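Working notes, structure below.
The values are calculated or read from the model by the stated rules, or taken from the named source; none is laboratory data. Quick caveat: nothing in here was measured; it's all calculated off a predicted structure. Here the Cβ positions follow ideal geometry from the backbone for every residue, glycine too, while neighbour counts run over all protein chains shown. Each accessible area value is taken on the protein alone, full model and side chains, heavy atoms only, with ligands, DNA and RNA left out. Shrake-Rupley method; radii C 1.70, N 1.55, O 1.52, S 1.80 Å.
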Amino acid sequence: MQSDLSKFTLRTDPELLKKFRFVADYNARSANRELEVLMKKHVNEFEKKHGKITFE
């Protein structure tokens, strides 16, 4: 089964990743889902300040 989801590789400090996974677990999310939630919040804040991002 093929997925329409994009894949993204992140390189980061091991201690930061361990802490991030702790926070994600606290929020009852996987690290992947936690990152997706944070990305959506960041994009929403950007769009509120700068306007909707569109692609043609």
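The stretch between H50 and K18 holds 8.2 nm of extra length on full extension. This uses 0.36 nm per residue minus the Cα-Cα distance. Lysine pairs in segment 1-49 whose alpha-carbon atoms fall under 26 angstrom of each other, counting only those eight or more residues apart or on distinct chains, come to 11.
Note on V43: accessible area approximately 70 square angstrom, rounded to 10, probe 1.4 Å, nucleic acids and ligands left out.
Our coupling estimate for segment 33-39, obtained by passing each phi through the Karplus curve with A = 6.51, B = -1.76, C = 1.60 and θ = phi - 60°, is 5, 4, 5, 4, 4, 5, 4 Hz, Gly and Pro reported as x. Think of a 1.4 Å ball rolled over the protein heavy atoms: the chain then has 108 Å² of accessible area per residue. Solvent exposure of L5, expressed as accessible area, is near 140 Å², computed with a probe of 1.4 Å over the protein chains only.
Spread over its residues, the convex hull of the C-alpha atoms of the chain is 144 Å³ per residue. Which net charge results for the neighbourhood of F46, defined as the other residues with beta-carbon distances under 12 angstrom from its beta-carbon, given Lys and Arg at +1 and Asp and Glu at -1? Combined, the nearby Lys, Arg, Asp and Glu give +3.
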